[in-house]
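Chemist: The structure follows.
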Amino acid sequence: MSKASIPQGTRDFSPEVMAKRKFILGHIERIYQSFGFMALETPAMENLSTLTGKYGNEGDQLIFKILNNGDYLKDIDVLNIDAKSLTPKIAEKGLRYDLTVPLARFVAMNRHAIQLPFKRYQIQPGWRADRPQKGRYREFYQCDADIVGSESLINEVDLVAIYVTAFKALQLPVTIK
């Protein structure tokens, strides 16, 4: 019998660690809201056509592809497999590797229903199919705030103020490079 394990590059969070994470994420969420940002949540998976090509071939290699339902390999000649042409036949979806591409897709799909400038924040997991390294995991949480539909520099000031406010609230040293 094999020993219980989790996939490489992922981790469990104990109840004690979760309490600390929820405390920190709650602070960050309240700070985003205090600056007028609204919460947005997007699906963990997106169409591959939405995810691919945004960061070049290197970025495309970071995508965890999700196999389609059904037996798509039954008619494939395993001796003559071309991976690039096979992928669209067996995988049409992938796990998001950041929150920016789903935001762009959301705005494109809802441009007539949202008010500009659109100030949104997201606190959700992302996944990257690269080799895990110390401090870099395949599954991670991202806290993201963006302003879409305005060229005003005051928005940049708001984003820096969020960063400074969050670090001060959490009693962390503020470093702006």
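Chemist: For residues that are open to solvent by 40 Å² or more (accessible area, probe 1.4 Å) and touching a strand residue (DSSP E or B) at 6+ places or on another chain (Cβ under 6 Å), tally how many sit in region 101-118.
Modeler: Within region 101-118, residues that are open to solvent by 40 Å² or more (accessible area, probe 1.4 Å) and touching a strand residue (DSSP E or B) at 6+ places or on another chain (Cβ under 6 Å) number 1.
Chemist: Do the conditions hold for residue 62, that is, is it open to solvent by 100 Å² or more (accessible area, probe 1.4 Å) and modelled with pLDDT under 90?
Modeler: Against the criterion (open to solvent by 100 Å² or more (accessible area, probe 1.4 Å) and modelled with pLDDT under 90), residue 62 does not qualify.
Chemist: Looking only at region 26-59, how many residues end up being assigned to a helix (DSSP H, G or I) and open to solvent by 50 Å² or more (accessible area, probe 1.4 Å)?
Modeler: Of the residues in that region, 7 qualify.
Chemist: Any residue in region 146-159 that's closer than 7 Å to residue 117 by Cβ: show its pairings with residues that are open to solvent by 50 Å² or more (accessible area, probe 1.4 Å) at Cβ separation under 6 Å, as long as the two are six or more apart or on different chains.
Modeler: 147/117; 149/116; 149/117; 150/117
Chemist: In region 130-148, how many residues are at pLDDT 90 or above and not hydrophobic (A, V, I, L, M, F, W, C)?
Modeler: So the count comes out to 7.
Chemist: Here's something else I'd like to know. Checking the conditions here, which among 151, 156 is exposed (fewer than 12 other Cβ atoms within 10 Å of the Cβ), at pLDDT 90 or above and in a loop (DSSP other than H, G, I, E, B)?
Modeler: 151
The values are calculated or read from the model by the stated rules, or taken from the named source; none is laboratory data. Everything numeric in this text was worked out from a predicted model, so none of it was measured. FYI the Cβ positions are ideal-geometry reconstructions off the backbone, even for glycines, and counts take in every protein chain you see. Heavy atoms of the whole protein, side chains included, go into the accessibility calculation; ligands, DNA and RNA do not. Shrake-Rupley method; radii C 1.70, N 1.55, O 1.52, S 1.80 Å.
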